Structures are given as C-alpha cells and as structure tokens.
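Report on the structure given below.
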Amino acid sequence: MSQTADIISLFEHFVMPTYGRSLTIVRGKGSKCWDADGKEYLDFGGGVAVNILGHSHPAIVRALKQQAATLIHCSNLYYTEPQALLAKKLVELAGADGKCFFCNSGAEANEALYKLARKFGHDEGRFEIITMEGSFHGRTLAGIAATGQEKVKKGFEPMMPGFKHVQFNNLDAVRAAVGPQTAAILVEPVQGESGIRPATPEFLRGLRQLCDERNLLLMFDEVQCGNGRTGKFFGFQSIAPDAAPDALSMAKGIGGGFPIGAIWTRAVRKVKTADGEKPLCDILGPGTHASTFGGTPLACAVALAVIRTVEEKNLMAKAVARSKRLKRGLKALRAKFPCIKEVRGLGLMLGIELDREVKDVVAQCAAAGLLVIPAGTHTFRFVPPLTISNADADAALAILEKVLGQS
C-alpha cells in the first residue's frame, strides 16, 4: 500500500469518524503544504484560520525549541514568566485595563465567558446569554447551546438552558429579547462558520449602548476573526473600535498552530459580590474556574513569538493590502462567473458565496492545488496566513478561475 493508504487505514481502524477527511497532509512550509504522495498545495484554509504565520515558521520553531529546553509545563499553582508576559501583551492589545485567563481552545475560552456571565448575574438571578442566529461558539454542550445553528444541536438534545438566539445585525431584535434573566450578549464581530458575515458598526455600537443601559455584559467571540486577521488585532477594532466589549475570547491564530485559548476581561467594570465590590476581571477567583494545561510556559512562549512576529513584520497592514488584491481579483471573477453571488469579509477573512453548494468547488480546488474550506453550505472562505505574498494571492485567484471555468 502507499503511504496515503496506510495512513487512511490507520484512521479508519483507530480514530473516531468525527470529521469528513480528504487529503493526507505530511509537511508544510510557509503558505504551502504537501500530501503523502508529494503533491503541493497552496493553503488558503490555514488550518481553519489558525496558521497566521503559515507552516513551520522559524519564529514558532525557535520558540518551541528554546522553551521546551527550559520549562514545558508546571501547575498553575505557581507563577511563570511567559504567562505573565503574554497576559500583559494581550491586555495592551485589547486597549483597556483588564486581566486574562488562559486555556487551550476557542471552545474552552467561550466556556470561560459563559461562566463569567453567570457569575456576574448570579446574585440577581440573571444567567441568560443572548447570542446570534448563524453564530458558532464551539462543540461543547454549552457551546452548541450558545450556537445559533440548529444543525450542530441535532442528537444532543435537550439543550443546556440559558441561551436565546436573535437575528444578527438586528439591534431591535436584541433589545426585544432582553429580559429580567438576561446577563450578557455574546456576538462574533465577524461570523465565521455561517458564511463570513461582518457585524455592522451600528450594530456593535448599539449593543454597547444597550449593555450599558441594562447593566449587561457585552462579550465578543474573537476566536476566528481576532489575532490580526482583519487588519487590527481584534476584529471589533476593525469595525467599531469605540464599541469595546467587557470581555472577549480568543484562540486559533494566537498560537499560530500551537493550542492555546484565552479570554480578556475588562477591569473598569465593577461588580457587587458577597465579598464586596470587585472589578469584573476579578470575580472568577480561586476555585471558580481552572485549566490544567491553560497558559503553559510552552504555549505562552509560542504565542508571544507569534504576536511579536505579527507586529515586527507589519503583518496586519500586509493582510489589508493582500485583502484588497484578492477582493479586486474576486470582483473580476464575479463579473466573469455569475455563479459568484457575493464576496464579503475583512482582511484575510474572506467569504465567497456561490449560487450552489460549495462542496464540489472545494474538492475541485484541492484537486487543482488550492486548499479552501466551507463556511456554511453555499460559501467557502479564504483564511490564509497573514504572510502570503502577492504571488500567492494571484496563484489562488488563477486556480479558482480555472475551477470555476470548468464547473
């Protein structure tokens, strides 16, 4: 058997079938990766918006080697310098005083947000979180309850109580949904899994005002749209920087491929507790939340290296420039191929909506050497590394043009 067949056979025998897999990827470098048969691909899926520095970036490799030789893991019962430095950096990037909690994934980061909201509203009997139709917040039981897509809930009923879904970008609908048990509103500044749909500035500003009026927490899920992908470090900063949240979650690109998640929580918001008034960022105290592997020295050292590289190489500005180039090319393709209904998104988080289901186009792009991933049934996305070149952008457009011409 070929190496591909051997690997697939092992998966079929020993790995649970929770993913619809296709290729067998064995190596990556920069914006390219290779399968077990040696075929080269231009990777515009980026590990589902994770590999913001591309594959095997020297800064990540160096940080892994240096930190692994120093200290890989120790309990969160002790202080470690990498975690402290990463928290300080993320607070600075959020643009307001606050504190961070570290975990291992976006789903875990969102779990921390749910617990923050419940702790915030507990003494007043408030526990409900309003989320958006079309949203995606992870695959935990609370995550699928929070997610505004019915397909993720099937087979896992009954849903965990405490979540209410309303229409995205409809401030009146959100306002009408607020009730006596509402504690928080959770929104993705750019919805990723349902088609790359950005929030409007007016919507985010309206949510901020509503939360201030009704003493609610405004929480942003920045797991996919954060980490510099939109041209600012957090997606909301590209849409409505004056609508800063009370807390936000992050993961995916922050580690450039190494698992890490986090939340940032604002300090200025005060909360009455049994122990007196506390800043919001201090209400989850010892014994209320934890993660064995959250914020390990290894994960934090890698994340610091990723952020440092993004800043030193000016990659957020480059993401905007590459986005403009891709949008021009996609607009030209739309004029040529009416099957393209819409191109939308910010920075290097672009959705291409078709008049048909995209699964065949995604497969045809892979066969032609371009990796893209669906975002809903009728949209596929470009979420490449922030390090892509003009040549990479042009190559992706050329492959897509060839595929659409043959469809």
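What follows draws every value from the coordinates through simple rules; no lab data is involved. None of these values were measured; they are calculated from a predicted model. Glycine gets a Cβ as well: all are built from the backbone with ideal geometry, and neighbour counts include every protein chain shown.
Annotations for the structure displayed:
- Vicinal HN-Hα couplings computed from phi for region 109-115 (Karplus, 6.51 cos²θ - 1.76 cosθ + 1.60; Hz; Gly/Pro x): 4, 5, 4, 5, 5, 4, 5
- Taking other C-beta atoms within 10 angstrom as a stand-in for reagent exposure, THR292, THR387 fall in the order THR292, THR387, fewest first.
- Computed on region 62-312, the Cα convex hull volume stands at 125 Å³ per residue.
- When you count the other C-beta atoms within 10 angstrom of each residue and take the mean per peptide, 134-147, 238-251 line up highest first as 238-251, 134-147.
- Using the alpha carbons alone, the radius of gyration of region 213-370 stands to its Kirkwood radius in an Rg to Rh ratio of 1.07.
- Rounded if a/c under 1.5, otherwise prolate or oblate - region 215-260, Cα gyration tensor axes: oblate
- Helix 315-336 vs. the chain, principal-axis angle (Cα, 0 to 90°, nearest 10): 60 degrees
- Amide H contacts of GLY98: ALA267, each under 5 Å away and 5 or more positions distant or on a separate chain (H built 1.01 Å from N in the peptide plane; Pro and chain starts excluded).
- Under 14 Å, Cβ to Cβ, from ALA117 - net charge with Lys/Arg +1 and Asp/Glu -1: +2
- Förster radius 22 Å - calculated FRET efficiency between LEU64 and LYS88 (Cβ-Cβ, nearest 0.05): 0.55
- Between region 130-201 and region 225-276, the Cα center-to-center distance that results, in Å: 18 Å
- Helix 390-406 vs. the chain, principal-axis angle (Cα, 0 to 90°, nearest 10): 70 degrees
- Projected area, mean over directions - region 263-352, Cα convex hull, nm²: 10.3 nm²
- On Cα atoms only, tilt of 201-214 relative to the major axis of the chain in degrees: 20 degrees
- Ordered by the count of other Cβ atoms within 10 Å of each Cβ, fewest first, VAL91, VAL15, VAL26 give VAL15, VAL26, VAL91.
- Neighbour-count order for CYS365, CYS100, fewest beta carbons within 10 angstrom listed first: CYS100, CYS365
- Highest-first packing order for the peptide set 50-61, 199-210, 329-340 is 50-61, 199-210, 329-340, based on the mean count of other beta carbon atoms within 10 Å.
- Mean Cα-pair separation over length for the chain, i.e. relative contact order, pairs under 8 Å, 6 or more apart, %: 21 percent
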